[in-house]
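Encoded as structure tokens, the structure appears first; notes follow it.
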Amino acid sequence: REINKAIRKIVEPKRLNKKDAEVARNFMFRERIRKVYLTPEQNKALGTGELGLVYLSGGYHVLAGEHVDAVRKIAADHVVDLDSGSSDGEEEFPVPDDLTW
């Protein structure tokens, strides 16, 4: 509870989620596919790492990078790692160099 309370103090005033966001962004978190809605600008910023996602009380919150880092210091398991899924498949099933299309 104390961890959630500390994270809530960061998330509530700094939250960047928009009610009119139309772009659905799917991501893996805790072994399941999740979804958050973003604006096109937020989606680009999320891809470049300027923004990040934090899980709190059943919801996913868009935050600026410095606020995501503050949450990570409190509890890293509440921060969504958007880079983790991209390289796992390639290492497990590498594409042969001699394969041509």
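The values are calculated or read from the model by the stated rules, or taken from the named source; none is laboratory data. The structure displayed is predicted, hence computed values, not measured ones. Heads up, the Cβs are rebuilt from the backbone with ideal geometry, glycines too, and the neighbour counts pull from every protein chain shown. Ligands, DNA and RNA are excluded from the accessible area calculation, which covers all protein heavy atoms including side chains. Shrake-Rupley method; radii C 1.70, N 1.55, O 1.52, S 1.80 Å.
Identify, please: which residue in the range 4-31 is under 17 Å from the mean Cα position of the chain (by Cα) and among the small types (Gly, Ala, Ser) and is, among those, nearest to THR48 (Cα to Cα)?
ALA24
As an exercise: evaluate PHE93 against (1) open to solvent by 20 Å² or more (accessible area, probe 1.4 Å); (2) at pLDDT 85 or above and give the number of the one condition it does not meet.
Single failed check for PHE93: (2).
Within the range 41-50, can one find any residue that is modelled with pLDDT of 90 or more, open to solvent by 100 Å² or more (accessible area, probe 1.4 Å) and in a loop (DSSP other than H, G, I, E, B)?
yes
Can you tell me which residue within the range 51-75, out of those that are surrounded by 20 or more Cβ atoms within 10 Å (Cβ to Cβ) and of a type in the set (Val, Ile, Thr), is farthest from LEU16 (Cα to Cα)?
Filtering first and then ranking leaves VAL71.
Could you list, in sequence order, the residues of the range 1-27 that are assigned to a strand (DSSP E or B) and either surrounded by 15 or more Cβ atoms within 10 Å (Cβ to Cβ) or touching a residue at least 60 places away in the same chain (Cβ under 8 Å) (or both)?
Hits for the range 1-27 are ARG25, PHE27.
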